[in-house]
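A short worksheet on the structure shown next.
The values are calculated or read from the model by the stated rules, or taken from the named source; none is laboratory data. These numbers come from a predicted model, not from an experiment. Positions of Cβ are backbone-derived with ideal geometry, glycine not excepted, and every protein chain shown enters the neighbour counts.
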Amino acid sequence: MTKATIYTATKCPHSKRLKEFLTENGVDFEDKCVLDSQELLQELLEVSDQRAVPVTVVEGEVFVGFGRRAERRLRRKLGA
């Protein structure tokens, strides 16, 4: 099974939709809320070179945001 790491923020609607998408598609994920610590925010910066959320990492590939384009790319990557 594919596992994803996601960087999110609690009140971000795109983060919420991303989590719903992954759950609906049976993808196990580790949720790292960047508001929880400076270390997680720094980790996000190292992974994506930015502070924007959500960011998804699947098998080393980074997906920034969760709009139509990111969703299509994720679907292809996950085979969903």
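When residue 25 is tested against (1) at pLDDT 95 or above; (2) touching a Leu at 6+ places or on another chain (Cβ under 8 Å), exactly one condition is not met: (1).
Checked against (1) surrounded by 15 or more Cβ atoms within 10 Å (Cβ to Cβ); (2) modelled with pLDDT under 95; (3) of a type in the set (D, E, K, R), residue 49 passes all but a single condition, namely (1).
For residue 20, the requirement of being modelled with pLDDT under 95, surrounded by fewer than 12 Cβ atoms within 10 Å (Cβ to Cβ) and either of a type in the set (Asp, Glu) or in contact with an Asp or Glu (Cβ under 9 Å, 6 or more places away or on another chain) (or both) is not met.
In segment 47-64, the residues that are within 18 Å of residue 2 (Cα to Cα) form Cβ pairs under 9 Å with partners that are assigned to a loop (DSSP other than H, G, I, E, B) and among the hydroxyl-bearing types (Ser, Thr, Tyr), at six or more places apart or across chains, as follows: 58/2; 59/2. Residue by residue through segment 20-35, note down the ones that are more than 11 Å from residue 55 (Cα to Cα) and touching a strand residue (DSSP E or B) at 6+ places or on another chain (Cβ under 7 Å). Scanning segment 20-35 gives 22, 27, 28, 29, 30. Can residue 28 be described as in contact (Cβ under 8 Å) with a residue 24 or more places away in the chain, surrounded by fewer than 15 Cβ atoms within 10 Å (Cβ to Cβ) and of a type outside the set (A, V, I, L, M)? Against the criterion (in contact (Cβ under 8 Å) with a residue 24 or more places away in the chain, surrounded by fewer than 15 Cβ atoms within 10 Å (Cβ to Cβ) and of a type outside the set (A, V, I, L, M)), residue 28 qualifies.
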